[in-house]
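*Asks:* What follows is a structure written as structure tokens; I'll ask about it next.
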Amino acid sequence: MKSQEIRAKFLDFFKSKQHEIVPSAPMVLKNDPTLMFTNSGMAPFKEFFLGNAAPKSTRISDSQKCLRVSGKHNDLEEVGYDTYHHTMFEMLGNWSFGDYFKKEAIAWAWELLTEVYKIDKDILYVTVFEGDEKDGTKMDQEAYDFWKEIIPEDRILMGNKKDNFWEMGEQGPCGPCSEIHVDIRSAEEKAKVDGKSLVNEDHPQVVEIWNLVFMQYNRKANGSLVELPSKHIDTGMGFERLCMVLQGVQSNYDTDCFTPLIREIETITGVRYGKDEQVDIAIRVIADHVRAVGFAIADGQLPSNNGAGYVIRRILRRAIRYGFTFLNQKEAFIYKLADTLAHQMGDAFPEIRKQESLVHNVIKEEEQSFLRTLDQGLLLLDRVIESTEGKVVSGKKAFELYDTFGFPLDLTQLIAREKGYEINEEEFAAGMQAQKDRSRAASSSETGDWILVKQDEVEEFVGYDTLTANVKLTRYRKVSSKKEGDQYQLVFNLTPFYPEGGGQVGDKGAIEAPNGDVIYITNTKKENNVIIHFTKTLPTDLTATFKAVVNDEFRRLSASNHSATHLLHQALRAILGDHVEQKGSLVNPNYLRFDFSHFSKVTSDQIEEIEEFVNARIRENLPLEEKRNIPMDQAVQEGAIALFGEKYGDSVRTIRFGQSMELCGGTHVQNTGDIWYFKIKSEAAVAAGIRRIEAITNMAVGDYFEDIERNYNAVKQLLKNPKDLSKSVTSLQEENAQLKKQIEQLLKDKAKSLKGDLKNQIKEVNGVQFLATKVDLDPGSIKNLMFELGGEFDKLFILFATAPSAEKAMLTCYISKDLANERGYDAGKVVRELGKYIHGGGGGQNFFATAGGKNPGGIPKVLEKAVDYLV
């Protein structure tokens, strides 16, 4: 049975059980401080489990893209080494939100596995939660009783909290679970060892296939458990493992989920899978990692140096290194797998096919960038390991690899482990804190539990229609961090404050208490469908009715920039082509930033054309046409543009200005004329195939033009108010160019005159023509002079020192290539070592190198010590 059929049968089965089939949500999560990635099938539905929103249907089923590379659920280290762990994987799932519970979930799971997929009942085992004394939870007798009606009791096993109590993260919805395990060993192996003894023992052929989670608790920040408002079902079946069972193979990588990628890797590299264990691991790692990276990029997350982007970069660099070391791939090649990935999975996940070109280009650029430093970094790591006493490698050296060559710590650890070493992680962390200020302690925070003030079923946003409202506090919590100090997060029954989202920053403003107290709102965000207001001060009377007031200018200018991004998007598609898609944005009161897919630099003529297009729409005074709560399908049919990587609900909001129509939850001007004017300030590349425009509107444009006028007048005054400023500046540039030529000639004459004197100072030391002296020349003249002397003398060693200022010193060293090659002299080493006398350093090639420092007083000592290299 092919994987596509396996997936279809699952969804069809639950459709027959009155489940609504929904598409996969993006892998990268937004508005959830507890999770960076979708690490399970239930993560996109977290707001429903918490009771913060109501689903369209109480029964849902899908195949969800998941990523497990960090935090509580991290499978990265096992990937490639075993046959069933992955970074990115599909989770087949069915959910009940306050509808059916354990009885139906257990019965349907058994029906699907044994009657639809025809899996032999005799190779299945199930586990039940045994309870946990610390949490005060008891053995799940209810689940046990349902199971024993279906399966012999000797196949029902007790499981501890680690294996049979499922939690998404440190906080959030959780509950006991029943796992279904499958034993696909041979008959001979089964006769030797009972399968039940291998359950949850990491045996590659006795694996968990499906987890039925009975979601009934919420884990609070203090570690305690409280009952959820309603009981829910959350099941997750590993699609790749299911394919392994149904396709009769012993490894996920032997299923058609991976074989197309593995065959393509073999074709590209010329290396065969199944011949060598290290090679096989490398091929499995690359096949796995390209799926994770490809889908992350398709979902809108580009590799970067922080956050989710850094995790994606780490995964890709791990794959690159495996290809480099074990498949002998010294050139970029992983990007070539984008076509196979899109062809293989494009039917189930259209985004990977639509974004194939972007995935291809981004991976290629990342590969080429890392490969430029990988060889050097690996050589340096080898030297570090060779010089290590014992088996623990210096964490400081590991940090240098990270800081200089971009080696993530886990990659350095991996390479060290392969050679039998480990890394001193404490030293590495100390280096991070000291040199990059990226230690977790600097930004760590403690978030308290929500304290309920007033029960409220619906916490409503009214900010599209008003900037003020009378509100009641429903709950709050305290957040303490070293960076921000103590803050409070407030939730109201309704609010006019727009929460950060869709690229637009959250509103600021205040809430006014009846007694006259004013509590300032410094930011507004959304978390699991709840709008949270940030403040330094907690209201005195928590039960009062407050007047919420949004900062009018902050909102107005943000709205102006947000509406301008819609017009800019329209302009880019009209002028550059329909291939342009939004890839990210930032909208605040001061400026807008817009990232978009495009294959080349936007020319200055195109920039002018784009500006004119947007400003023409502004002059047309196009009114805002807004539709709220319309079905997603209807909005798309009417022409609304949806963004990849965004999670949309069943009902959406559309924003139209003339021919521009997009799905959007942000705030906007009522008329394009309110934007006043649009001006692009910069255009640049962000990544392969991704460009970024930064622009301003409204008051910022006025400030911009005033600044230009001030500078213009200042330049005119400096030039004595010429009638033709352009002509005057041109004349000045021509005069400057002539003077530069004269200076260059004077410097050449000076060097020529000095050359004769220097030749007379060269003396022979140990068979080497040696000269060390102080000169008064610019760096270019010094280099030319050295190479001229090198053309006239064999076995030449020169060191020149200069002092361009009272606080600056420079060293330049030239060594004939015959000396460098025959005697091993190294100019780079010379300037690095002598540079300490001028309180500096430098480097270069073995025949020519330079160094700079802050202590000219050390030059005599440098000249004295230079001859030591020859004796």
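*Asks:* Considering only the range 109-122, how many residues are part of a helix (DSSP H, G or I) and buried (at least 17 other Cβ atoms within 10 Å of the Cβ)?
*Replies:* 4
*Asks:* Taking only the range 105-124 into account, find how many residues are among the hydrophobic types (A, V, I, L, M, F, W, C) and over 22 Å from residue 142 (Cβ atoms).
*Replies:* 3
*Asks:* Would the range 667-682 turn up any residue that is under 28 Å from residue 301 (Cα atoms), free of Cβ contacts under 8 Å to residues at least 12 places away in the same chain, assigned by TED's automatic domain parsing to the domain that holds residue 580 and not in a strand (DSSP E or B)?
*Replies:* no
*Asks:* Quick one: how many residues across the range 268-292 are over 30 Å from the mean Cα position of the chain (by Cα) and not aliphatic (A, V, I, L, M)?
*Replies:* So the answer is 7.
*Asks:* State yes or no: is residue 291 touching an Asp or Glu at 6+ places or on another chain (Cβ under 9 Å), crowded, with 20+ Cβ neighbours inside 10 Å and either small (Gly, Ala, Ser) or at negative phi (or both)?
*Replies:* no
*Asks:* Any residue at all in the range 55-66 that's within 21 Å of residue 217 (Cβ to Cβ) and assigned to a loop (DSSP other than H, G, I, E, B)?
*Replies:* yes
*Asks:* Collect the residues in the range 9-54 that are under 21 Å from residue 295 (Cα atoms), assigned to a helix (DSSP H, G or I) and either more than 30 Å from the chain's Cα centre (by Cα) or not aliphatic (A, V, I, L, M) (or both), keeping them in residue-number order.
*Replies:* Scanning the range 9-54 gives 44, 45.
*Asks:* Now for a separate question. State whether one or more residues within the range 164-175 are crowded, with 19+ Cβ neighbours inside 10 Å, out of contact with any helix residue (DSSP H, G or I) (no Cβ under 9 Å at 6 or more places or on another chain), assigned to a helix (DSSP H, G or I) and free of Cβ contacts under 8 Å to residues at least 60 places away in the same chain.
*Replies:* yes
*Asks:* Spot the failing condition for residue 397; the list is (1) crowded, with 17+ Cβ neighbours inside 10 Å; (2) of a type in the set (Lys, Arg); (3) in a loop (DSSP other than H, G, I, E, B), and only one is missed.
*Replies:* Condition (3) is where residue 397 drops out.
*Asks:* Across the range 849-871, what is the total count of residues that are over 19 Å from residue 804 (Cβ atoms), in contact with a helix residue (DSSP H, G or I) (Cβ under 8 Å, 6 or more places away or on another chain) and either small (Gly, Ala, Ser) or touching a residue at least 40 places away in the same chain (Cβ under 8 Å) (or both)?
*Replies:* 2
*Asks:* A further question follows. Within the range 68-103, can you find the residues that are of a type in the set (Ser, Thr, Tyr) and at pLDDT below 90?
*Replies:* Correct list: 70, 81, 83, 84.
*Asks:* Something else: For residues that are closer than 27 Å to residue 51 by Cβ and of a type in the set (S, T, N, Q), tally how many sit in the range 177-217.
*Replies:* Residues in the range 177-217 being closer than 27 Å to residue 51 by Cβ and of a type in the set (S, T, N, Q): 3 in total.
*Asks:* Hey, does the range 600-622 have a residue that's in contact with a Ser or Thr (Cβ under 8 Å, 6 or more places away or on another chain) and either on the phi > 0 side of the Ramachandran plot or among the small types (Gly, Ala, Ser) (or both)?
*Replies:* Yes: one or more hits.
*Asks:* So which residues in the range 817-833 are in contact (Cβ under 8 Å) with a residue 40 or more places away in the chain and assigned to a loop (DSSP other than H, G, I, E, B)?
*Replies:* Hit for the range 817-833 is 825, nothing else.
*Asks:* May I pose another question? State yes or no: is residue 520 assigned to a loop (DSSP other than H, G, I, E, B) and at pLDDT 95 or above?
*Replies:* Answer is no for this residue.
*Asks:* From the list 478, 526, 472, which residue is among the basic types (Lys, Arg), crowded, with 19+ Cβ neighbours inside 10 Å and outside the structural domain of residue 591 (by TED's automatic domain parsing)?
*Replies:* 526
*Asks:* Now for a separate question. What about residue 377, is it farther than 22 Å from residue 254 by Cα, touching a residue at least 12 places away in the same chain (Cβ under 8 Å) and among the small types (Gly, Ala, Ser)?
*Replies:* Yes.
*Asks:* Hey, another quick one. Which one of these is under 27 Å from residue 251 (Cα atoms), in contact (Cβ under 8 Å) with a residue 12 or more places away in the chain and out of contact with any strand residue (DSSP E or B) (no Cβ under 7 Å at 6 or more places or on another chain): 183, 234, 194, 202?
*Replies:* 202
*Asks:* For residues that are β-branched (Val, Ile, Thr) and outside any loop (DSSP other than H, G, I, E, B), scanning just the range 239-279, find the one that is nearest to residue 109 (Cα to Cα).
*Replies:* Per the stated criteria, the residue is 245.
*Asks:* I'd like the full set of residues that are more than 15 Å from residue 588 (Cα to Cα), under 34 Å from the mean Cα position of the chain (by Cα) and not hydroxyl-bearing (Ser, Thr, Tyr), limited to the range 680-709.
*Replies:* 680, 681, 683, 684, 685, 686, 687, 688, 689, 690, 691, 692
*Asks:* Using the structure shown, decide if residue 301 is touching a residue at least 60 places away in the same chain (Cβ under 8 Å), closer than 28 Å to residue 92 by Cβ and in a loop (DSSP other than H, G, I, E, B).
*Replies:* Yes, satisfied.
*Asks:* Taking the residues in the range 716-769 that are among the polar types (S, T, N, Q) and outside any helix (DSSP H, G or I) as candidates, determine which candidate is modelled with the highest pLDDT.
*Replies:* Only one residue fits best here, namely 769.
*Asks:* Could you check how many residues of the range 586-622 are assigned to a loop (DSSP other than H, G, I, E, B) and under 29 Å from residue 665 (Cβ atoms)?
*Replies:* Number satisfying all stated conditions: 9.
*Asks:* Name, by its number, the condition in (1) within 30 Å of residue 621 (Cβ to Cβ); (2) crowded, with 16+ Cβ neighbours inside 10 Å that does not hold for residue 464.
*Replies:* Condition not satisfied by residue 464: (2).
*Asks:* Further question: May I ask you to list pairs of residues, at least six apart or on different chains, whose Cβ atoms are under 6 Å apart, with the first in the range 784-812 being on the phi > 0 side of the Ramachandran plot and the second being in a strand (DSSP E or B) and of a type outside the set (Val, Ile, Thr)?
*Replies:* Taking only residues 6 or more apart or on different chains, the pairs are 795/769.
The rows are residues; the columns are (1) among the aliphatic types (A, V, I, L, M); (2) under 16 Å from residue 325 (Cβ atoms); (3) outside the structural domain of residue 427 (by TED's automatic domain parsing).
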position: 379; (1), (2), (3): yes, yes, yes
position: 392; (1), (2), (3): yes, no, no
position: 395; (1), (2), (3): no, no, no
position: 407; (1), (2), (3): no, yes, no
position: 414; (1), (2), (3): yes, yes, no
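*Asks:* Can residue 708 be described as surrounded by 12 or more Cβ atoms within 10 Å (Cβ to Cβ) and either in contact (Cβ under 8 Å) with a residue 40 or more places away in the chain or not assigned by TED's automatic domain parsing to the domain that holds residue 616 (or both)?
*Replies:* So residue 708 fails the test.
*Asks:* Before we move on, is residue 541 more than 28 Å from residue 696 (Cα to Cα), among the acidic types (Asp, Glu), out of contact with any strand residue (DSSP E or B) (no Cβ under 8 Å at 6 or more places or on another chain) and assigned to a loop (DSSP other than H, G, I, E, B)?
*Replies:* In short, yes.
The values are calculated or read from the model by the stated rules, or taken from the named source; none is laboratory data. In this text, all values refer to a predicted model and were calculated from it rather than measured experimentally. Note that we place each Cβ from the backbone using ideal geometry, even for glycine, and neighbour counts take in every protein chain shown.
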